[in-house]
Structure formats: structure tokens, C-alpha cells
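Each remark here refers to the structure printed beneath this line.
The values are calculated or read from the model by the stated rules, or taken from the named source; none is laboratory data. If you're wondering where the values come from, they're calculated on a predicted model, not measured in any experiment. All Cβ positions, glycine included, derive from the backbone under ideal geometry; neighbour counts span all protein chains shown.
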Amino acid sequence: MAWLAVLVSVALIGSAPAAYSPKVTNPWFPLRPGTVLVYTGTKDGKPTRDVVTVTHRTIVVDGARCVVVQDRLYESGKLEERTSDYYTQDRAGNVWYFGEDTAELNASGKVVSTDGTWRAGRDGALPGIYMPASPQLGQTGRQEYYRGQAEDHFRVVGVSSVVHVPYVSSRAALETREWTPLEPGTLDQKLYVRGIGVVKEASLKGPVERAVLTTRSTR
């Protein structure tokens, strides 16, 4: 059903772009311009700091106007990856992911890879639902699709999970599992708190990674 929803949405985008808005108000993944979320954790045994900024900029991707979210990942104090993600919301309240521009940097700050970059409507790439309007236990979906580059999936495994991170504690968190067929040995956990968004990410299988929300502010 999630895949059918993607096909229906793609058809609608070409004829009714007004059905999508860059004002993302979904309570499980709100994207209010000016919001800055800072996550700390580890990756490859090194300390990380991930700064996610919901900008005031928008961009049209495959006919849908999306809000631009900047993601800057620092590893051991140095910028390791920079990404611009493109999200939009339909009239029902589902948050759609329409693509990203990403770059990995070396220790000198030089771009060494742009693998994972994709935009809906280019080279067969399709948008996916990143966050349903009303997540239900057991619900699954594909968040993105660009063959061989971006094929993330999710499943809702908890709607009243317990989570404790430096910024917030909750006994009513939304918990998901995420995976991609491009990396069959990996499985990730994500926890969301209503009104905030992602508060924790952790690997359950594969390379050890972890990130928790430490601060949230508005510029």
C-alpha cells in the first residue's frame, strides 16, 4: 500500500503541486524554519556532532515545493559530511522525502564522494513517505528510491516506547527500524518524540553508530 501511495503521489505532483507544502507540521517530524537540533554520539569509534538546521529556504523538486534541511556531521571535530535534504508535506499530513544533495569530505575538507545524492524525477528516482501522518504499529514504507544509491525502508515497531536522551525523556515515543537492501547487514533504530522529531538513532546490526539529541533551539 505504501508503494501504491508513492505512485499516486507522483501522478498528482505533475498536475497539482499545490497538494504539497514546504510547511511541514507533522507532529512526529515537525520542520519549523529556524530550528536547530544538535546530536552527539559516535561513529567508527570516533566522537560525532551532528547539526541539523531547518532553513528558511525552499526548492522545487519534481513539481513539489520542499523545505531545505541542512545536515552537518562532524567527526572528531572536523566536518565529515554535509547534506541538504528536501522534504514536503501532503494534505493528509504525510511527510515526503524528495531527495538530497550530499558530499563526504576528507581531512582537508575536499569532497571525495557524492554517493547517495538523488532527486525525485531524475534518472528514475522516486519520492517516498518519510513520516506517515498517523503512524501505526507494524506500518512499513519506502522512504526513498534511487536504484543503487538510495533505497531506505522503515517499519513502526513501537508507539509508546521509552526513551531518555540529554534533551528529553518520554514514555510515549515512536520507535522505528530502518534498513536498506543496499546494506543487507545493517539495521538501525530511531526514536521520535511528538513535537520534536528524531531524538535518538542507534545501529542494531552493522557498523556501530549512535546519536542522541542534546540541544534544540530556534534562530
| task | Within region 125-133, identify whether any single residue is closer than 22 Å to Arg210 by Cα and in contact (Cβ under 8 Å) with a residue 24 or more places away in the chain, and answer yes or no. | result | yes
| request: Determine which single condition Pro207 fails, assuming it passes every other condition in (1) at pLDDT 95 or above; (2) in a loop (DSSP other than H, G, I, E, B); (3) under 24 Å from Val38 (Cα atoms). | output: (1)
| field | Looking only at region 99-119, and only at residues there that are assigned to a loop (DSSP other than H, G, I, E, B) and within 15 Å of the chain's Cα centre (by Cα), the one that is nearest to Thr180 (Cα to Cα) | value | Gly116
| request: Determine whether Ser108 is of a type in the set (Gly, Ala, Ser) and either touching a residue at least 60 places away in the same chain (Cβ under 8 Å) or within 25 Å of Leu37 (Cα to Cα) (or both). | output: no
| Just for region 84-100: of the residues that are touching a residue at least 40 places away in the same chain (Cβ under 8 Å), in contact with a Pro (Cβ under 7 Å, 6 or more places away or on another chain) and under 14 Å from Leu126 (Cα atoms), which one is surrounded by the fewest Cβ atoms within 10 Å (Cβ to Cβ)? | Tyr97
| message | Among the residues of region 125-143, are any within 23 Å of Glu75 (Cβ to Cβ) and either surrounded by 19 or more Cβ atoms within 10 Å (Cβ to Cβ) or among the charged types (D, E, K, R) (or both)? | response | no
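Residues in region 47-55: is at least one aliphatic (A, V, I, L, M) and surrounded by fewer than 18 Cβ atoms within 10 Å (Cβ to Cβ)?
Yes, region 47-55 has at least one match.
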| Is there a residue in region 3-25 that is part of a strand (DSSP E or B), modelled with pLDDT of 95 or more, farther than 17 Å from Gln143 by Cα and touching an Asp or Glu at 6+ places or on another chain (Cβ under 6 Å)? | no
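Across region 185-205, which residue is nearest to Val165 (Cα to Cα) among those that are hydroxyl-bearing (Ser, Thr, Tyr) and in contact with a Leu (Cβ under 8 Å, 6 or more places away or on another chain)?
So, considering only residues that are hydroxyl-bearing (Ser, Thr, Tyr) and in contact with a Leu (Cβ under 8 Å, 6 or more places away or on another chain), the one nearest to Val165 (Cα to Cα) is Tyr192.
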| message | Can you go through Arg65, Arg57 and tell me which one is in contact (Cβ under 8 Å) with a residue 12 or more places away in the chain, charged (D, E, K, R) and assigned to a strand (DSSP E or B)? | response | Arg65
| query | Within region 64-83, can you find the residues that are crowded, with 18+ Cβ neighbours inside 10 Å, farther than 27 Å from Leu204 by Cβ and not aliphatic (A, V, I, L, M)? | reply | Cys66
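Among the listed residues Val168, Val163, Val193, Val199, which satisfies the condition of being more than 17 Å from the chain's Cα centre (by Cα), buried (at least 19 other Cβ atoms within 10 Å of the Cβ) and in contact (Cβ under 8 Å) with a residue 12 or more places away in the chain?
Val163
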